[in-house]
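To start, the structure itself, in structure tokens.
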Amino acid sequence: MHKGRGLLILVFSMAAPVFAQAPGGGVSPAPVQGKQIDGIAVRIGSDVVTESEVRQLEDYQRLIEGQAQSRSAVIQELVDQWIVRAEAATSNFPHPTADEVAQEYQALVKQFSGLDNLQKRMIEMGLTTDSVRQMLERQLYYTRFLNYKFHAAADVTSAQIESYYQKDFKAELAKRGLTVPPLDKVEAQIRELLTQEVINEKAAQWLADAKAKLKIVVQPSEGSG
């Protein structure tokens, strides 16, 4: 397994795109009063990801991380989301409840040290409370689905737990000058951490395999020559 221990965090776009059927069976942005309301950022088969979805994800990343990823990285994440969304819908995977989304929102409020700070930052990013709640709901939905899909295959052995405890866990606590607890006190936490790492790796491979089978065409960015 890789040494990186971070959890797979998928940040999802806020709004489903609005599409109209184009002549010949293609998909194009739906017109309003004779004008297009959106542009196409990437085509995935006969479906599309819109420019507004790219901007929304960039804004959400700025809210959470302080900066957005590159346009190409944002588009790749949106393609990943499209794949997960299609698979989850086919499986009729249940969406989070309103209470669960409210808990996620309250956790975000705490992250910003209060509702006023969060709302001020959302306004700066052009985000609304409803749009952020939608983003959190989708993030929770997709993360849960990936855990559900790959958890059974994420078999962590006692030997792997022991190895991580001896080589990584003890060294990290010693570096921080902290007391190292016995293995039996932290075994469950280490198992959960290593299980999540395996899920992340399997999910990444699944997404790569799925993208290889799709026709994905990235459109030039707005204003590019």
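Since every read-out is calculated from the coordinates, none of them should be taken as a lab result. Computed from a predicted model, the values in this text were never measured in an experiment. No Cβ is skipped: glycine too gets one built from the backbone with ideal geometry, and neighbour counts run over all protein chains shown.
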For segment 92-225 the mean separation of alpha carbon contacts under 8 Å (6+ apart) over residue count, i.e. relative contact order in percent, is 24
HN-Hα couplings for segment 80-94 via Karplus (6.51, -1.76, 1.60; θ = phi - 60°), in whole Hz with x for Gly/Pro, come out as 4, 4, 4, 5, 5, 4, 5, 5, 5, 5, 4, 7, 6, 5, x
Scalar couplings 3J(HN,Hα) for segment 63-77 by Karplus 6.51 cos²θ - 1.76 cosθ + 1.60 (θ = phi - 60°), nearest whole Hz, x for Gly and Pro, are 5, 7, 9, x, 7, 9, 6, 5, 4, 5, 5, 5, 5, 4, 5
Which of Lys110/Lys170; Lys110/Lys202; Lys149/Lys211 exceed 21 Å between C-alpha atoms? The answer is Lys110/Lys170; Lys110/Lys202
Partner lysines whose C-alpha sits under 16 Å from that of Lys175, ignoring same-chain residues fewer than 8 away, are Lys167
With label points set 7 Å from each Cα along the Cα-to-Cβ direction at Val109 and Ser158, the distance between them in nm comes to 4.6
Protection proxy (average C-beta count within 10 Å per residue), highest first, orders 55-64, 40-49 as 55-64, 40-49
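Once the piece of chain linking Ala208 and Thr179 is laid out straight, how much longer is it, given 0.36 nm per residue of separation minus the C-alpha distance between them? Provide the component values of the computation, followed by the final result.
Details: separation 29, 0.36 × 29 = 10.44 nm, distance 4.09 nm.
Full extension from Ala208 to Thr179 adds 6.3 nm.
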Residues meeting the amide H criterion for Asp38 (H placed from the backbone, H to H distance under 5 Å, 5 or more places apart or on another chain) are none
